[in-house]
Amino acid sequence: MPRNPRPLRHSDPHAHRVVGLELGADDYLGKPFEPRELLARLRAILRRARAEPVSTPATGASADVLRYGRLEIDRAARAARIDGAPCALTGYQFSLLLALAEHAGRVMSRDALMDAVKGEAIEAFDRSIDVHISRIRAAIEDDPRKPRRILTMRGTGYVFAKAQD
């Protein structure tokens with residue numbers, strides 16, 4: 001762990017910012033802060049996040065196409081293909097599949113999926129996500145009754161399998 005090169009003085013208003021930056025927290029913002037500084041830092045973080053290329057899991061190729069075995073998910077075209085053949089998905093189903101694929105190997109709850117796709121939390125009784133998952137499975141799985149791409153984690157949610165085919 002990095003050591004503090006100089007002791008903090010309470011009278012130094014920028015000391016906490018410097019220590020935060022030295023510890024690797026480039027998004028650290030000490031109090032008191034100017035709202036304009038907060039907005040500028042948020043914009044910088046969002047700009048960096050959009051600029052960072054994301055490679056595909058299997059090939060490291062274009063950031064617009066995710067490949068998992070025979071399944072291809074093309075972000076730019078908003079299309080999914082199996083062995084080059086298009087899969088019939090609605091826009092919402094594609095967004096749901098993309099959210100799962102971008103978090104491959106991690107269990108996503110229904111709440112997290114709905115939040116990722118719609119930007120809002122689901123109600124406790126809303127199970128429409130299950131219907132959408134079954135329709136996505138019908139489009140992308142070889143045998144929807146024995147899924148290998150989108151797996152159900154009972155009582156938790158769904159996980160997109162990293163290793164497929």
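None of the figures in this text is laboratory data; all of them are computed from the coordinates on show. On a predicted model such as this, the values are computed, not experimentally measured, just so you know. Note that we place each Cβ from the backbone using ideal geometry, even for glycine, and neighbour counts take in every protein chain shown.
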- Distance between modelled label sites at K31 and T90, nm, 7 Å Cα→Cβ extension: 4.5 nm
- Note on the structure: Here the net charge surrounding F94, from other residues whose Cβ is less than 15 Å away from its Cβ (Lys, Arg +1; Asp, Glu -1), is +3
- Label-point separation, M153 to A76 (7 Å along Cα→Cβ), nm: 3.3 nm
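Given 0.36 nm per residue, what is the gain on full extension from H103 to S128 after removing their alpha carbon distance, in nm?
Values: separation 25, 0.36 × 25 = 9.00 nm, distance 2.04 nm.
The span from H103 to S128 would gain 7.0 nm if fully extended.
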- Would you tally the net charge around S134, using a Cβ to Cβ cut-off of less than 14 Å, leaving S134 out, and scoring K and R as +1, D and E as -1? +4
